[in-house]
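Below is one structure, written out as structure tokens; the observations come after it.
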Amino acid sequence: DQQVKQNSPSLSVQEGRISILNCDYTNSMFDYFLWYKKYPAEGPTFLISISSIKDKNEDGRFTVFLNKSAKHLSLHIVPSQPGDSAVYFCAASAKVSGSRLTFGEGTQLTVNP
Amino acid sequence: NAGVTQTPKFRILKIGQSMTLQCTQDMNHNYMYWYRQDPGMGLKLIYYSVGAGITDKGEVPNGYNVSRSTTEDFPLRLELAAPSQTSVYFCASSYSGFEQFFGPGTRLTVL
């Protein structure tokens, strides 16, 4: 039962363009969502998060959008840079589960110069 | 601050052997976690701890054990290693339980 799904295993974009990474979830109890970025041979690093009381959160080039009715969130990166090439994981948490995160499978983003 | 450190970085085990993966954090975080990541998959939670002396099972605890005697350390024990435990193991810690800081990982192969 995959409660958090990232349906695109990979995404390729040109430098300077927008990257849009998508994530869907099935558990309506999820109320906090995070994106992590992972380079090869390193652990994931936290990127940006959003609470279910908001529909948008921005941090520099990164914006996360949340559509609760569709149980969908997306990460926008504008403008994309070659250094953004990494695997991006979506994660979700529910207050009832305490401090546990459920991760998606990840999307490999490649930004071409 | 070293953050979250994990040892060893790589290990090859024979079927049936045991080992302990070490994890230490120096951020005084109460929450600590062990995940495994299989190729093409997300991170699956093995065990977690909300403080010294308190541990609980995650999604995939079978074949593993943990202990948390101090705030800093959260070792993961593999008993009777099996090929299905070939994976990359990540330890993480958190102040809040949400934004988690990850170690660099341990790549384990069981042959």
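How about region B:86-104: which of its residues are open to solvent by 10 Å² or more (accessible area, probe 1.4 Å) and either touching a residue at least 60 places away in the same chain (Cβ under 8 Å) or β-branched (Val, Ile, Thr) (or both)?
Listed by number, the residues that qualify are B:Thr86, B:Val88, B:Tyr95, B:Ser96, B:Phe101, B:Phe102, B:Pro104.
Does B:Pro61 satisfy the condition of being open to solvent by 70 Å² or more (accessible area, probe 1.4 Å), closer than 20 Å to A:Gly104 by Cα, within 14 Å of another protein chain (Cβ to nearest Cβ) and not aromatic (Phe, Trp, Tyr)?
Against the criterion (open to solvent by 70 Å² or more (accessible area, probe 1.4 Å), closer than 20 Å to A:Gly104 by Cα, within 14 Å of another protein chain (Cβ to nearest Cβ) and not aromatic (Phe, Trp, Tyr)), B:Pro61 does not qualify.
When the residues of region A:22-58 are narrowed to those that are farther than 17 Å from A:Leu109 by Cβ and among the acidic types (Asp, Glu), which ends up nearest to the other protein chains (Cβ to nearest Cβ)?
Filtering first and then ranking leaves A:Asp31.
Looking only at strands (runs of 3 or more DSSP E) that lie completely in region A:64-113, which have at least 3 residues being touching a residue at least 40 places away in the same chain (Cβ under 8 Å), within 14 Å of another protein chain (Cβ to nearest Cβ) and surrounded by 14 or more Cβ atoms within 10 Å (Cβ to Cβ)? Give the steps one after another, and end with the answer.
Working: elements: A:72-77, A:86-93, A:107-112.
So the answer is A:86-93.
Would you check which residues across region B:67-105 are over 22 Å from A:Cys90 (Cβ atoms) and touching an Asp or Glu at 6+ places or on another chain (Cβ under 9 Å) and list them?
Of everything in region B:67-105, those that are over 22 Å from A:Cys90 (Cβ atoms) and touching an Asp or Glu at 6+ places or on another chain (Cβ under 9 Å) turn out to be B:Ser67, B:Glu72, B:Thr86.
Filter region B:17-33 for residues that are closer than 15 Å to B:Thr55 by Cβ and open to solvent by 60 Å² or more (accessible area, probe 1.4 Å) and give the result.
Passing the criteria: only B:Asn30.
If I go through region B:26-55 residue by residue, how many of them are within 12 Å of chain A (Cβ to nearest Cβ) and touching an Asp or Glu at 6+ places or on another chain (Cβ under 8 Å)?
So the count comes out to 10.
The values are calculated or read from the model by the stated rules, or taken from the named source; none is laboratory data. Being a predicted model, the structure only gives us computed values, none of them experimental. Virtual Cβ from ideal backbone geometry, glycine too; neighbours counted across all protein chains shown. Only protein heavy atoms, including side chains, enter the accessible area calculation; ligands, DNA and RNA are left aside. Shrake-Rupley method; radii C 1.70, N 1.55, O 1.52, S 1.80 Å.
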